[in-house]
1. Quick one: A:Gln114 ticks every box in (1) at the interface with chain B (Cβ under 9 Å from one of its Cβ atoms); (2) of a type in the set (S, T, N, Q); (3) more than 11 Å from ligand 1 (Cβ to nearest atom) except a single one, so which number is it?
2. Quick one: in the stretch A:133-144, which of the residues that are away from ligand 2 (no atom under 16 Å from the Cβ) and open to solvent by less than 60 Å² (accessible area, probe 1.4 Å) is farthest from A:Gly113 (Cα to Cα)?
3. Please pick out the residue among B:Thr28, B:Thr32, B:Thr42 that is open to solvent by less than 40 Å² (accessible area, probe 1.4 Å) and at pLDDT below 75.
4. Failed condition for A:Ala160, given (1) open to solvent by less than 10 Å² (accessible area, probe 1.4 Å); (2) out of contact with any Cys (no Cβ under 6 Å at 6 or more places or on another chain); (3) not in a helix (DSSP H, G or I), with all others met?
5. A:Phe164 is checked against (1) within 16 Å of ligand 2 (Cβ to nearest atom); (2) among the aromatic types (Phe, Trp, Tyr); (3) within 16 Å of the chain's Cα centre (by Cα) and fails just one. What number does that condition carry?
6. List pairs: first residue in the stretch A:29-41 and open to solvent by less than 30 Å² (accessible area, probe 1.4 Å), second residue of a type in the set (Lys, Arg) anywhere in the structure, Cβ distance under 8 angstrom, at least six positions apart or on different chains.
7. Mind checking which residues of the stretch A:44-69 are under 12 Å from A:Phe91 (Cα atoms) and within 13 Å of ligand 1 (Cβ to nearest atom)?
8. Report yes if A:Phe149 is buried (at least 23 other Cβ atoms within 10 Å of the Cβ) and modelled with pLDDT of 90 or more, otherwise no.
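The values are calculated or read from the model by the stated rules, or taken from the named source; none is laboratory data. These numbers were taken from a predicted model, which means no experiment stands behind them. Here the Cβ positions follow ideal geometry from the backbone for every residue, glycine too, while neighbour counts run over all protein chains shown. For accessibility, only protein heavy atoms count, side chains too; no ligands or nucleic acids. Shrake-Rupley method; radii C 1.70, N 1.55, O 1.52, S 1.80 Å.
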Amino acid sequence: MPVSRPDSPMRTPRPGERPGSGGAGRALRAVGGPAVMKLVVAGGFGVGKTTFIGAVSEIPPLSTEEHLTQAGAATDHLTGVEHKTTTTVAFDFGRLSLDVPVPLELLLFGTPGQDRFLDIWYDLAAGAIGAVVLADTRRLEASFTAATFCEQIGLPFVVAVNEFDGAHRYPEHAIRDAFALRPNTPVVACDARATSSVAAVLLTLVQHALAAALARPAHSTDSTLLDA
Amino acid sequence: MRPHSGPKPLSAGASVEVADFVRTYTLTGGRTRPRHRLRLETVLELGPGRPGPALPLECEQILVLCRIRRRSVAELAGTLGRPVSAVRILVSDLLDTRALRVPVPAADSAYIPSSDPAAGNDPSVKLLEAVLAGLKTRFPDAYPQAG
Ligand SMILES: Nc1nc2c(ncn2[C@@H]2O[C@H](COP(=O)(O)OP(=O)(O)O)[C@@H](O)[C@H]2O)c(=O)[nH]1
Ligand SMILES: [Mg+2]
């Protein structure tokens, strides 16, 4: 479910969820304003994620930091205190407001370049419409983890091949084979620096997410029989 | 607290920044958990309440930013250059005093008639259709390309 509402229970469940982010706070709420939707831009280091977000964001992409606290491997033998390490990891943030036909805010989240910080990937992907897995043909493998992650959590995604100057252009089936994609997963080419090209990738993603939402059992015509 | 005697992360791209962590810890009065459920995408706007006295500078900055326009937790943290975990706690304090509040979109805010009868009234499908229509309107020259 793509809507991000602070009071709704929808989120990607994960083991060892950090306390606090799911706590039952009673914040003052007011009805009004556009719905907020999330989109994720994933892929390895240097594939063009920040450039991609910057091409459509109305603010320059922000680098937002998060501290990940990890239990240390060692326990202090004198005090029995388990050591914790805090790692700083940064992700990109951009924002795109749409006004017509209805006001909507799209928040764009870029995954950290290092794909070992999966904890933060869950936070970025929770409640998202879907993900753009950005790939550089010179090292497709840098984006394999991103595609696997999306498949595992059931997040609709498209593979967008960022066509760097001078990089070899592969036919679509070669990209599909390399990523072992399902037949319905879209593969598109893009120039992460060009607004219309990036917008086209987002269109493809939302179209794909819509098709996936319509294909879910709740939307099949049979479900009315079950409801009756 | 014994600073930083645990193992270091392996990646060169990540760093253990003790000074940074201590600074954040001080900023939030030693607290590490917010009382409110705040996601990265939770949006904050100014509320009717008054913030308490002796407000940390960062809280004042948050109020200034949200007075200009509503902002998400992720945007506030990125703009302030503070970690999300610290900003969650500061925002939580500001929610307690109603200096900030969480706007919730009206249930029908994204309602547009669905072209597909099978879609029914599911807001997720409606919202996706609204996003699609919004993107097409905003970027009329965007043509999906085959890979
Ligand atoms: N020629 C070309 N360069 C690009 C393109 N996208 C990104 N770059 C450049 O590639 C480098 C890495 O891009 P960046 O967006 O920082 O990658 P990230 O690590 O995934 O965020 C930067 O120097 C960009 O200017 C593209 O489509 N074409
Ligand atoms: Mg980057």
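1. Evaluating A:Gln114 over (1) at the interface with chain B (Cβ under 9 Å from one of its Cβ atoms); (2) of a type in the set (S, T, N, Q); (3) more than 11 Å from ligand 1 (Cβ to nearest atom) leaves (3) as the failure.
2. Selected residue: A:Thr137.
3. B:Thr28
4. That leaves (2) as the condition not met.
5. If we test A:Phe164 against (1) within 16 Å of ligand 2 (Cβ to nearest atom); (2) among the aromatic types (Phe, Trp, Tyr); (3) within 16 Å of the chain's Cα centre (by Cα), just (3) comes out false.
6. A:Ala30/B:Arg101; A:Val41/A:Lys49
7. Listed by number, the residues that qualify are A:Phe45, A:Lys49, A:Thr50, A:Ile53, A:Pro61, A:Leu62, A:Ser63.
8. no
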